[in-house]
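> One structure follows; several queries about it will come next.
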Number of protein chains: 2
Amino acid sequence: MGDKLKIVDEIRSFNRYYTKLLGLLNNQLLNSKYSLTEARILYEIHAGEKVTATQIISELGIDKGQLSKIMRNLEKYGLITRKASETDGRVILISLSPSGKKVYNELDAASNQQINDMISVIPEGNQKQLTACMQEIKMILINSSTDDVRKRS
Amino acid sequence: MGDKLKIVDEIRSFNRYYTKLLGLLNNQLLNSKYSLTEARILYEIHAGEKVTATQIISELGIDKGQLSKIMRNLEKYGLITRKASETDGRVILISLSPSGKKVYNELDAASNQQINDMISVIPEGNQKQLTACMQEIKMILINSSTDDVRKRS
DNA sequence: CAAATATAGTTGATTATTTCAACTATATTT
DNA sequence: AAATATAGTTGAAATAATCAACTATATTTG
């Protein structure tokens, strides 16, 4: 097998492995009453504070029609508040409401707990090594792409 | 921030990063007429040769009712063949048909091409480093879990 | 400036995907 | 032989994703 192919193969193998891992983590987590997409959106709103739909769309790569409907629901549940931007009449600024923050915190805590459980069986040195690898991967991929889709965390 | 928390945070950051990356890769790839789940199933059948529905379910973590329907479609498209096991009347052995192999090969080639494109901008030394990290991550996670969900590629 | 074009977000119709429980059939256990 | 377990199918219902048309506001350009 060519050198290049071996590298491609290893990346694809990792992608399969990690797809499965993420799937398991997400399934396990989402016995809550919110969907994965809703949870990711709440995360983005929390991380940004005053974000726009467009930002979330670009961050999560979902359809704007879909996002619009999810937003409507999140507002109906009382988790977010929306107000028109004062500088641009087209955009709407989204924030977490107090109860949205509470839900976010719960999801966040559950997520922390889950990862904690996952790594609790890993010797400490390996945990360090694990995260070093993760940082390294992000760095290599981000650096190699100045105006590439893969940018941003 | 506690040491433990820093590690958990880094893992979660990586998970968000990689979720997005995988999403982009999958979206890009699946302008083909097959869904991601169908493509993953074709991969599993190809990797196993004579697999059972139960194996695929456990490998991909999807619902058995859903799998059953997808299988019905794949058979309708002529991509797979199913025959009853001779040793256990309940199980059905699944294989790729010639045209299923063709489709698999196309998807496989597109996937290779895509990863190739992705890494083509990365200096060769970094590519090696990237895959070394990926292998390391798999190793650490797999080793730490003898009878854990995360096992298997 | 006015017309054309672009951007932000919403809506409705359609399709696809998921979920879940009930069901058939065969195997295994007791 | 009866009870229980496993493999897979089916149907109904709920959710989610897709896509094009649409409103409203901004920006560009001749």
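The values are calculated or read from the model by the stated rules, or taken from the named source; none is laboratory data. None of these values were measured; they are calculated from a predicted model. Because the Cβ atoms are built from the backbone with ideal geometry, glycine has one as well, and the counts that use them run over all protein chains shown. Just the protein is used for accessible areas: all its heavy atoms, side chains included, with ligands, DNA and RNA removed. Shrake-Rupley method; radii C 1.70, N 1.55, O 1.52, S 1.80 Å.
> Name the pairs whose Cβ atoms lie under 8 Å apart, with the first residue in segment B:38-52 and assigned by TED's automatic domain parsing to the domain that holds B:Ser85, the second outside any helix (DSSP H, G or I) and open to solvent by 70 Å² or more (accessible area, probe 1.4 Å), and 6 or more positions between them or separate chains?
Within 8 Å, the pairs are B:Thr52/B:Ile92.
> Something else now. How about segment A:69-87: which of its residues are within 8 Å of DNA strand D (Cβ to nearest atom) and of a type outside the set (A, V, I, L, M, F, W, C)? Break it down into steps so the answer makes sense when it comes.
Filtering segment A:69-87 down to residues within 8 Å of DNA strand D (Cβ to nearest atom) leaves A:69-70, A:73, A:85, A:87.
Selection gives A:Lys69, A:Asn73, A:Ser85, A:Thr87.
> Which one is most open to solvent (accessible area, probe 1.4 Å), of the residues in segment B:35-88 that are within 15 Å of DNA strand C (Cβ to nearest atom) and in a strand (DSSP E or B)?
Once the filter is applied, the top-ranked residue is B:Lys83.
Yes or no, residue by residue, for (1) facing chain B (nearest Cβ under 9 Å); (2) among the aromatic types (Phe, Trp, Tyr):
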{"position": "A:Asn15", "(1), (2)": "yes, no"}
{"position": "A:Leu42", "(1), (2)": "no, no"}
{"position": "A:Leu60", "(1), (2)": "yes, no"}
{"position": "A:Arg72", "(1), (2)": "no, no"}
{"position": "A:Tyr77", "(1), (2)": "no, yes"}
{"position": "A:Thr81", "(1), (2)": "no, no"}
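> Would you confirm, using the coordinates I've provided, whether B:Leu107 is within 15 Å of DNA strand C (Cβ to nearest atom), within 14 Å of chain A (Cβ to nearest Cβ) and in contact (Cβ under 8 Å) with a residue 60 or more places away in the chain? I'd like the intermediate steps shown before the answer.
Details: within 15 Å of DNA strand C (Cβ to nearest atom): yes; within 14 Å of chain A (Cβ to nearest Cβ): yes; in contact (Cβ under 8 Å) with a residue 60 or more places away in the chain: yes.
So B:Leu107 fits the description; yes.
> Looking at segment A:98-116, which of its residues are touching a Gly at 6+ places or on another chain (Cβ under 6 Å) and buried (at least 16 other Cβ atoms within 10 Å of the Cβ)?
Let us first name the residues in segment A:98-116 that are touching a Gly at 6+ places or on another chain (Cβ under 6 Å), namely A:99.
Passing the criteria: none in range.
> Could you tell me whether A:Lys4 is more than 14 Å from chain B (Cβ to nearest Cβ), out of contact with any Asp or Glu (no Cβ under 6 Å at 6 or more places or on another chain) and basic (Lys, Arg)?
No; evaluated as a whole, the condition is false for this residue.
> Within segment B:25-34, which residues are open to solvent by less than 50 Å² (accessible area, probe 1.4 Å) and either among the charged types (D, E, K, R) or facing chain A (nearest Cβ under 10 Å) (or both)? Even if it seems obvious, please write down each step before you answer.
Restricting attention to segment B:25-34, the residues satisfying the condition of being open to solvent by less than 50 Å² (accessible area, probe 1.4 Å) are B:25-26, B:29-30, B:32, B:34.
Matches in segment B:25-34: B:Leu25, B:Asn26.
> Sticking with this one: Out of curiosity, is A:Ile122 closer than 25 Å to A:Leu29 by Cβ, more than 16 Å from DNA strand C (Cβ to nearest atom) and outside any helix (DSSP H, G or I)? Give the steps one after another, and end with the answer.
Working: closer than 25 Å to A:Leu29 by Cβ: yes; more than 16 Å from DNA strand C (Cβ to nearest atom): yes; outside any helix (DSSP H, G or I): yes.
Against the criterion (closer than 25 Å to A:Leu29 by Cβ, more than 16 Å from DNA strand C (Cβ to nearest atom) and outside any helix (DSSP H, G or I)), A:Ile122 qualifies.
> Another question about this same structure. Based on this model, can you work out whether A:Gln114 counts as closer than 30 Å to A:Phe14 by Cβ and either away from chain B (no Cβ under 14 Å) or within 18 Å of the chain's Cα centre (by Cα) (or both)?
Values: closer than 30 Å to A:Phe14 by Cβ: yes; either away from chain B (no Cβ under 14 Å) or within 18 Å of the chain's Cα centre (by Cα) (or both): yes.
Taking the combined requirement at face value, the residue satisfies it.
> Additional query: Among the residues in segment A:52-64, are any more than 15 Å from DNA strand D (Cβ to nearest atom) and of a type in the set (Val, Ile, Thr)?
no
One line per residue, one yes/no per condition, for (1) in contact with a strand residue (DSSP E or B) (Cβ under 6 Å, 6 or more places away or on another chain); (2) closer than 20 Å to B:Leu36 by Cα:
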| site | (1), (2) |
| --- | --- |
| A:Arg12 | no, yes |
| A:Asn26 | no, yes |
| A:Leu30 | no, no |
| A:Lys33 | no, no |
| A:Ile56 | no, no |
| A:Lys83 | yes, no |
| A:Lys101 | no, no |
